Amino acid sequence: MVTVIVLLILAGVSLNAIIGENGIITKAIVAKEMSDFSSTIEELEIMMAEFNLGEQTGSSALKEFMNKKIEEGKITSYRTKRNSETNTIQCIIEKNGYFFYAVQDGDYWKVMTQEQYAESGEGLNVQVFTEKNVSENKTFELGDSSKETEVVFYDKVEGELNFEIKEGIVNIYIYDDMKLTNNGMNRSAIDIYPGAKLNLYLEEGAEMTVDSGYGKRGETAEKLGAKGGPRRICRSTCTMGRL
């Protein structure tokens, strides 16, 4: 009996060493993910070096180049946006399930991870969301008093979702249609707390539909022109209110 117990204990220890949190399999998976991530960065750096060696490096040339790379299977997709402060174009690239930034530095472009991009923006808080990683009935609590928050909705998003802009400056970029459905729920679609500021950017072709659970009774943000209930909005800036 004692032998059996000892064998079971040893078996448990062995299984934990293999499939546990710090087990061999877990470490192998993490190592592969890190290797894939590094390889993806290297491939994108080579790709952007090719673009930098071209005769034209402007936004039109960039879009043409990126579309070609999609056709060649080099990247999955991309989105572009203009930085209003620096008047430069930034590009978000999707490849192998990861998202990277291609940032214009003079006449040249360089590839950055999300972390590197955040650090380059003097401590930005950067988040990228897709249809796949946005769950139903989700509340986005956004804002940081010590640094700006940049949130990117990369593709179409729809569901029982709402934004709570807690503090600081929050910049939200929407690249595809978004529908916030809160009908019948005791909450608004967008709440901006006192002292917080929301800059909402709808990129070309995107449309945002906001359906507040408060109907027409809610106190809304006048700068958004909101009345409560279903509402379509475009690029806006708001400092306080409920939508």
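Since every read-out is calculated from the coordinates, none of them should be taken as a lab result. What you see is a predicted model, and the numbers here were worked out from it, not measured in a lab. Cβ: placed from backbone, ideal geometry, glycine included. Neighbour counts: every protein chain shown.
Observations on the model:
- Checked against a 23 Å cut-off, the cross-linked pairs LYS63/LYS95; LYS32/LYS138; LYS63/LYS156; LYS110/LYS166 give Cα-Cα distances beyond that limit for LYS32/LYS138; LYS110/LYS166.
- Virtual spin-label span in nm between GLU45 and GLU158, 7 Å along Cα→Cβ: 4.2 nm
- Using 0.36 nm per residue and subtracting the Cα-Cα separation, the extra length available between ARG82 and THR209 on full extension is 43.4 nm.
- Hydrodynamic analysis of the range 60-115 uses the Kirkwood radius over alpha carbon pairs. Inserted into Stokes-Einstein at 20 °C and 1.002 mPa s, it gives a translational diffusion coefficient of 183 µm²/s.
- Inter-label distance for GLU131 and GLN56, nm, one decimal - labels placed 7 Å from Cα along Cα-to-Cβ: 3.2 nm
- With Cα atoms defining each centre, the range 31-63 and the range 152-201 are spaced 31 Å apart in the structure.
- If R0 equals 41 Å, the separation of the Cβ atoms of ASP105 and GLU167 corresponds to a calculated FRET efficiency of about 0.85.
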